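The values are calculated or read from the model by the stated rules, or taken from the named source; none is laboratory data. The shown structure was predicted, so the numbers you read here are calculated from the model rather than taken from an experiment. So basically every Cβ, Gly included, is an ideal-geometry build from the backbone, and we count neighbours across all protein chains shown.
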Amino acid sequence: MTTVSLQQVSKVFPGTDGSPLPVLEGTTLEVPPGSFTAIVGPSGCGKSTLLRLVAGLSSPSGGTVAINGALVRGVQNTIGFLFQHDALLPWKTTFDNVALGLRFRGFREEEVRDRCQDWIARVGLKGFERHYPAQLSGGMRKRAALAQMLVCDPDLLLMDEPFASLGAQTRVLLQQDLLLLCGGGTKTILFVTHDLEEAVALADTIVVMRAGPRSGVKATYPTGLPRPRDVLQVKSHPRFATLCRTVWRDLAEEVTKIYGDRDAIPSWTI
Amino acid sequence: MVTETPSLPGPSRSGPSARLLAGLRLLLGAIALGLWEVSARQGWVDPFFFSAPSDVGRTLWTLVSTAGLYPHLLATVQEALSGLALGFVAGAALGWGLAQHRLLGELIEPVMVLLNAIPRIILAPLFIMWFGIGMGSKVALSFVLVFVVVFFAVYTGIREVDSRLVDGVLILGATRRDLLLHVHIPAIAAWVFGSLRVTVGFAFTGAVVGEFIAASRGLGYLLNFAQNTFNASLMMASLVIIVGFILLIFGGLKVVEEKLTPWKAAA
């Protein structure tokens, strides 16, 4: 099982006017093996940047990022990454999109077929193997992306607001599927979201980030909610409301820094 | 798991049905031709300058049935296709090369932008002076019209490949070769097909205009000949042949495009 460790990580982007824009500064985070960690924070706090650093799609300006103790250098291709946008290739069918990872890794075609058919069925896309992404709904595309990621059986899954663009009902269905398909505690999951309820319902640990620039980890909360979990039922668990309120107090402070007006933010009510 | 309804295109789009629309368009065309014919016969317009659909039809039939047309058609098609092929290869190669080398790209791009901005057809007299009144000058004119368009299709196609798609396949373990094969080439194919209609049109424009200025064969020569002999029917018939031929090619391209980029047809 996989651990992720960030030590004093900083990331500076060149700003639009040429002056440096420090997004992350002194960010330290330890992700234990087999845990489901949700990262929440106000927009612009560098949540996505943090994930990209772990994936090696971007390199830190300072500090170290390590997976299983090994420094991250270059794009990591043994992990899974679920993007907020569609990362399916528009010119490939569902099947060929799901098969990409296995084919890149040189698997035999019979094994590719078996494993892809299995995963396409598991995400509920049986019968849509020959459809192109443009012929699928947003939720179905997300399912295809989920299968594309999981068919390679990576130990570490990074998810960058994967369900943000979906409608409310579809989102709940996909959250359910996510817990069903990879909530068994064998995979290490880093899940970025701006939806606090989603974070509490899915994760074991909630990491709240400070408002940017120079963002970092503000606080960490273990949720202590039982597993296996049902996304809808967990919301009526007595701890759920308390947790949401506690974490929200922290988060609201950071969001206020951005908008400057506490009254402009709806108070947390359940 | 719940299956959602896929967003397949349906016939539910409101508005007139396709068949009705096609019928109305045909009717409109027939009325226009009829008006033209009547006007010419009644002497409302001078048939010497305007001809009449029946005369144009007769001339067209003579051209097609006596084989008088084919050397001209062949010459124009040869010139246009040569210019198209050469322009395609050169434009794609340069676009590809410049997209790989940032410095070279920045250096040459302004030249291409300028070439793109000017009406390149003005180079016709120059090419005739350089390459003579044979096929060479027409191929060159076709080439220069096509080349710039293909260059920009490939150049922007490579530079503007969605970086998010690239990130996605890199995480899935793609090598540089995989990236080229599965992301870059299909993305460019979409751009190139998008520009193909323009380039085919340009290839014929180059050939016909070149012939029009100075040639001994070709559809453009036929046009020029008709003008010099004040033969309105021949001129109209030549125009019909040129337009008809290009429409035929467009139809063929559409079929090829649907075969090679099925994800677009599906959307």
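Tabulated values for the structure
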{"read-out": "Subset of region A:104-131 [among the basic types (Lys, Arg), closer than 21 Å to B:Leu170 by Cα and either buried (at least 18 other Cβ atoms within 10 Å of the Cβ) or under 24 Å from the mean Cα position of the chain (by Cα) (or both)]", "value": "A:Arg105, A:Arg115"}
{"read-out": "Hits in region B:172-186 - residues which are assigned to a helix (DSSP H, G or I) and within 8 Å of chain A (Cβ to nearest Cβ)", "value": "B:Asp178, B:His182, B:Val183, B:Pro186"}
{"read-out": "Selected residue (only one of A:Leu179, A:Leu173 is among the hydrophobic types (A, V, I, L, M, F, W, C), within 12 Å of chain B (Cβ to nearest Cβ), within 22 Å of A:Asp230 (Cα to Cα) and part of a helix (DSSP H, G or I))", "value": "A:Leu173"}
{"read-out": "Of residues in region B:185-199 being modelled with pLDDT under 90 and of a type in the set (Val, Ile, Thr), the one farthest from B:Ala75 (Cα to Cα)", "value": "B:Ile185"}
{"read-out": "Some residue of region A:80-87 being in contact with a helix residue (DSSP H, G or I) (Cβ under 6 Å, 6 or more places away or on another chain), closer than 26 Å to A:Ala144 by Cβ and among the acidic types (Asp, Glu)", "value": "yes"}
{"read-out": "Tabulated pairs, region A:188-203, first within 7 Å of A:Ala38 (Cβ to Cβ), second modelled with pLDDT of 90 or more and of a type in the set (S, T, N, Q), C-beta under 8 angstrom, 6+ apart or interchain", "value": "A:Phe191/A:Thr37; A:Ala199/A:Thr193; A:Leu202/A:Gln175; A:Ala203/A:Thr37"}
{"read-out": "Search result, residues across region A:55-83 that are at positive phi, surrounded by 15 or more Cβ atoms within 10 Å (Cβ to Cβ) and part of a loop (DSSP other than H, G, I, E, B)", "value": "A:Gly56"}
{"read-out": "Single residue of region A:218-263 satisfying the filter (in contact with a Pro (Cβ under 6 Å, 6 or more places away or on another chain) and of a type in the set (A, V, I, L, M, F, W, C)) that is modelled with the lowest pLDDT", "value": "A:Ile258"}
{"read-out": "Of all residues in region A:132-162 being among the acidic types (Asp, Glu) and away from every other protein chain (no Cβ under 11 Å), the one that is surrounded by the fewest Cβ atoms within 10 Å (Cβ to Cβ)", "value": "A:Asp153"}
{"read-out": "Extreme residue, farthest from the other protein chains (Cβ to nearest Cβ), among residues of region A:45-98 that are among the basic types (Lys, Arg) and closer than 26 Å to A:Ala164 by Cβ", "value": "A:Lys47"}
{"read-out": "Among (1) farther than 26 Å from A:Arg115 by Cβ; (2) without any contact (Cβ under 8 Å) to a residue 60 or more places away in the chain; (3) under 20 Å from the mean Cα position of the chain (by Cα), the one test that A:Gly18 misses", "value": "(3)"}
{"read-out": "Selected residue [part of a loop (DSSP other than H, G, I, E, B) and out of contact with any helix residue (DSSP H, G or I) (no Cβ under 6 Å at 6 or more places or on another chain)] from B:Phe152, B:Phe225, B:Phe230", "value": "B:Phe230"}
{"read-out": "Residues being within 16 Å of A:His237 (Cα to Cα) and not β-branched (Val, Ile, Thr) - total across region A:175-210", "value": "8"}
